[in-house]
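Each remark here refers to the structure printed beneath this line.
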C-alpha cells in the first residue's frame, strides 16, 4: 500500500530564507504529483502539478521536482515570507488510478 | 473562477442525528471525492465517484454513505452521527481529461458531533 512521508513535520525559519520541503513515497512509481497549501481551518489550495512525463514545475518563488527513480519530491521555496506560513501537503497517484494519496504535511512558520 | 463549493463551513450535530454534507462543483468534472482530515492522520479517503450514480468505497467508509444523483453534486451522509466522526471533511473533484491531472478542493466543513 502506498504511503507518503513528509519531512520535516514542522519548520520555523526567519523571513528571507530559502527552504526545502521533502516528500517520499513507498511506491516509487508515481504518475502524477501535486503540492498543496493549507491555511488553518481551510481547504487545500493547489500549488504545483507534475505529470508523469515531467520532472519539475515552477510557479513564482516555488519549484517542485520529482525523482521517479527514488520516489521522492521536493518543494523549494525561495526568499520565504511570513505569508508563506501554512501547512504544505504533497500527494501522488500511481498509474491506473485517479486517487491521490496524501502525506501528513509540513507545518511551516516564517518569522518576520 | 472554477469552484468546488461545500455548503457549510461549520456544523454542530448531536449524536445519532442523520447528517448531510453537500459538495457541488461547476467544472463538469467526472470524478468526485470525500476525505476526512484528522491531526496526525492526514487525509483519508471515505468514498469516491467516477460518474453519476456510481460510487466506490475508499479506505474508511464505515459509518458513511454517499449519493451522486447529478454530475455536479456529491453528498456525504452520516447515517447516525457519532463523536468519533468529529473531523474536517474535504470534498475534491477532478477530470480524467485534465493534463496534468489534479484535484480541486472545496473549503472544507468542520463537523463537531456532541
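Throughout, read-outs are computed from the coordinates displayed, never taken from laboratory work. For clarity, every value in this text was computed on a predicted model and none was experimentally measured. Here Cβ is always computed from backbone atoms with ideal geometry, including for glycine, and neighbour counts include all displayed protein chains.
On the principal axes of its Cα set, how long, how wide and how thick is the protein assembly as shown? Give whole Å, largest value first.
49, 38, 35
Over chain A, consider all pairs of different Cα atoms and compute the Kirkwood hydrodynamic radius from their mean reciprocal separation; express it in Å, one decimal.
14.0
For a footprinting-style exposure proxy, rank A:7, A:77 by other Cβ within 10 Å, fewest first. Mind dumping the intermediate values first?
Working: A:7 11, A:77 21.
Starting with the residue having the fewest Cβ neighbours, the order is A:7, A:77.
What value in Å³ per residue do you get for the convex hull of the alpha-carbon atoms in chain B? If you can, show how the numbers build up before the last one.
On the way: hull volume 11.3 nm³, N = 114.
It comes to 99 Å³ per residue, whole-number rounded.
What do the square roots of 5 times the Cα gyration tensor eigenvalues come to for the range B:72-114, in whole Å, largest first, as semi-axes of the equivalent ellipsoid?
Working: eigenvalues 156, 24, 10 Å².
The answer is 28, 11, 7 Å, longest axis first.
Test of understanding: ordering B:45, B:76, A:111 by Cβ neighbours within 10 Å, fewest first, what list do you get? Intermediate values should be presented prior to the final figure.
Working: B:45 20, B:76 23, A:111 11.
Ascending number of Cβ neighbours within 10 Å: A:111, B:45, B:76.
Let me confirm one metric for peptide B:38-45, namely the mean number of other chain beta-carbon atoms within 10 Å of its residues' beta-carbons. Walk me through the intermediate numbers first.
Working: counts 1, 1, 2, 1, 9, 11, 2, 4.
Per-residue shielding by partner chains comes out at 4.
Ignore the peptide's own chain and count Cβ atoms of other chains within 10 Å of each Cβ in A:99-109; give me the average, rounded. Display every interim value, and only then the final one.
Working: counts 11, 9, 5, 7, 2, 7, 3, 0, 0, 0, 0.
Taking the mean over all residues of the peptide, I get 4.
Please compute the contact order of chain B in relative form: average sequence separation of alpha-carbon pairs under 8 Å and at least six residues apart, divided by the residue count, as a percent.
Numbers: 296 pairs, mean separation 40.7, N = 114.
Relative contact order of chain B: 36 percent.
Would you mind calculating the relative contact order of chain A from Cα pairs under 8 angstrom and at least 6 residues apart, reporting the percent as a whole number?
Details: 285 pairs, mean separation 41.4, N = 112.
Averaging sequence separation for qualifying contacts and normalising by length gives 37 percent for chain A.
Between the range B:83-114 and the range B:18-72, how many Å separate their Cα centres?
7
Need the C-alpha centroid separation for the range A:42-69 versus the range A:1-39, integer Å.
What the calculation gives is 10 Å, centre to centre.
Under the 0.36 nm per residue contour assumption, what length would be gained going from the current alpha-carbon distance of residue A:55 and residue A:22 to full extension? Intermediate values should be presented prior to the final figure.
Details: separation 33, 0.36 × 33 = 11.88 nm, distance 1.50 nm.
Gain on extension, residue A:55 to residue A:22, equals 10.4 nm.
If R0 is 25 Å, what FRET efficiency do you get for residue B:13 and residue A:9 from their C-beta distance, rounded to 0.05? All intermediate terms of the calculation are to be shown ahead of the outcome.
Details: r = 31 Å, r/R0 = 1.25.
With R0 = 25 Å, the Cβ-Cβ based efficiency is 0.20.
Under a crude label model (7 Å from the Cα following the beta-carbon direction), how far is residue B:27 from residue B:80 in nanometres?
About 3.7 nm, to one decimal.
How many nm separate the modelled label positions at residue A:67 and residue B:57, each set 7 Å beyond the Cα in the direction of the Cβ?
With each label placed 7 Å out from Cα toward Cβ, I get 3.9 nm.
Once you order the gyration tensor axes a ≥ b ≥ c over the Cα atoms, which shape class does the range B:36-90 get: rounded for a/c under 1.5, otherwise prolate or oblate by comparing a/b with b/c? Don't jump to the answer; show the numbers that get you there.
On the way: a/c = 2.21, a/b = 1.66, b/c = 1.33.
Prolate, since a/c reaches 1.5 and a/b exceeds b/c.
Within 10 Å of each Cβ in A:44-54, how many Cβ atoms from other chains are there, averaged over the peptide?
Per residue, the average neighbour count from other chains is 4.
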